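**Q** The structure is given below, and queries will be raised subsequently.
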C-alpha cells in the first residue's frame, strides 16, 4: 500500500512531533505590504523599558524577549507555541515513542492544564488519571497562568520521583490528590489481539511515524490466527488517542479504503491547502469495521473516525470526540529552536470541520451505564409467565430451569463493556452482510 503524501516537512495533527519547515519569503512580503502599527510598537518598547528599570529583580534582555515571543504565540490558540532548542529536541525525541515523564497528553483550558488523555500503560493511566481532568496544582505549584511548556517541565523529572497532581474531576465533590511516580515512558502505538473466532481487536494509542506499518503487521498477525487466515471483522479502538502525525492518520485510513478523499486541510497560504486521497487496497477486503471513540479521541483520531464515517466504511461507536480540528507545522528558527504554529484546519471528506465540534458517534454509548449480563439485579424481569393466570404453553407443561447466560472468559471484553458492545455489533454486521450479499 502506497501513501499519497507531499513533501512539506512534517505537518502534524494533535500531538505535534518533530518537523522541519523554514520561514519563507512570503513572510517578509506580508511585512512590506502591512507596516507594523507604530503606536503598539511604542507601547511595547515603553513596557520593555519599565520592566528593565523598575521590576523588583533584574531581568536580562534575552529573557524578556523570549517571554514576549512566548506570550505572542500563546495568545493565538492553545496549540501554537515557541520552542527553545531544548524543548525542540525533546519534541523530536517523541517520534521514537520513548520519553520521560508521567504519560499524559495535556492542553490548556481557562488557564488550567487539562488532560486530553492518559497514555496506555503509563504511570498516569495506572494512577487513575482520566480524560477531562483539570490539573490545578503540581505539588505545591498552582497551574493557573502557567504556560503549557512550563507545566510540562514540572511534570517531567527523575524516574522514580513522586509528583502529586491536584485535579478537579467532573462528578467529584472536591479536588483529588493523586500521587504519580515518574518513569521512562515507552509508548507502544499499536496493540492487537483476537476477541473471538475471526474477530480481531486493534488498539492505536497515538499516531507515530511508524503507526501505519505497525498496524499492517498487527492485522497480518490477526489474520494468521483467524480461520482461513481471513478476519470476519475488526474493532479499531481509538479511545483516549490524543492524535499524532497526520501521515499516520492518513495511512491508517487508507488501509481500509479503496478510493476517495481521506482528509483535506485549508489555511491562508497555498502550502496549507492539502488533500489526501486513498489508494486501492482494503486490508480487510470489506469485512465489517467498528471504530471506538470517546472524549479523549482527538485530532488524528478524529480524522480516521471522520473518514470512516463519511465513507460508510465503519460504524463509529462511543461518545463524542475531543474536537481538535487544527493542524500545526513546526518551523525551524535561524537562531535555534522552532515555532509550532497553527497553519490550517482539517476537514472530513464531506467537508465537516471538527474544530470545537468533534465527531458524533453513529451509536452513542457511555461506559458504566448498564448492568452487565453476568451481574445480578434486584429487579426481576417481568414476563408473560409472571402474570397470574397466564396460559401455559401446551408443549411445555413442566418448566425447565433456564441456564444462566455464559459469561465471556475474555477479560478484556468482560471488563470493558463498550468493547463488549462493539464486538456484538461487529457480529451483527457480519450476519447482515452475509444475508445481503
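The values are calculated or read from the model by the stated rules, or taken from the named source; none is laboratory data. Not measured: the values here are computed from a predicted model. Backbone-built Cβ (ideal geometry, glycine too); neighbour counts: all protein chains shown.
**Q** Quick one: count up the residues across segment 195-217 that are modelled with pLDDT of 95 or more and more than 15 Å from residue 241 (Cβ to Cβ).
**A** Qualifying residue count, segment 195-217: 5.
**Q** Going by what's in this entry, would residue 100 be described as surrounded by fewer than 17 Cβ atoms within 10 Å (Cβ to Cβ) and farther than 20 Å from residue 207 by Cα?
**A** Criteria not met by residue 100.
**Q** Could you tell me whether any residue of segment 362-385 is surrounded by 11 or more Cβ atoms within 10 Å (Cβ to Cβ), touching a helix residue (DSSP H, G or I) at 6+ places or on another chain (Cβ under 6 Å), closer than 30 Å to residue 430 by Cα and modelled with pLDDT of 95 or more?
**A** Looking for residues that are surrounded by 11 or more Cβ atoms within 10 Å (Cβ to Cβ), touching a helix residue (DSSP H, G or I) at 6+ places or on another chain (Cβ under 6 Å), closer than 30 Å to residue 430 by Cα and modelled with pLDDT of 95 or more, one finds none in segment 362-385, hence no.
**Q** Please determine, by comparing only the residues of segment 186-208 that are in a loop (DSSP other than H, G, I, E, B) and within 15 Å of the chain's Cα centre (by Cα), which one is farthest from residue 291 (Cα to Cα).
**A** This residue is 187.
**Q** Sort out which residues of segment 305-325 are out of contact with any strand residue (DSSP E or B) (no Cβ under 7 Å at 6 or more places or on another chain) and buried (at least 24 other Cβ atoms within 10 Å of the Cβ), and write them in order of number.
**A** Residues satisfying the conditions are 306, 324.
**Q** Return the total of residues in segment 160-191 being more than 11 Å from residue 137 (Cα to Cα) and touching a residue at least 40 places away in the same chain (Cβ under 8 Å).
**A** So the count comes out to 12.
**Q** Sticking with this structure for a sec: Tell me the strands (runs of 3 or more DSSP E) entirely within segment 3-115 that contain at least 3 residues that are at pLDDT 95 or above and under 27 Å from residue 252 (Cα atoms).
**A** none
**Q** Here is a follow-up. Within segment 279-296, identify whether any single residue is under 28 Å from residue 71 (Cα atoms), touching a strand residue (DSSP E or B) at 6+ places or on another chain (Cβ under 9 Å) and touching a residue at least 60 places away in the same chain (Cβ under 8 Å), and answer yes or no.
**A** Yes, that holds for at least one residue.
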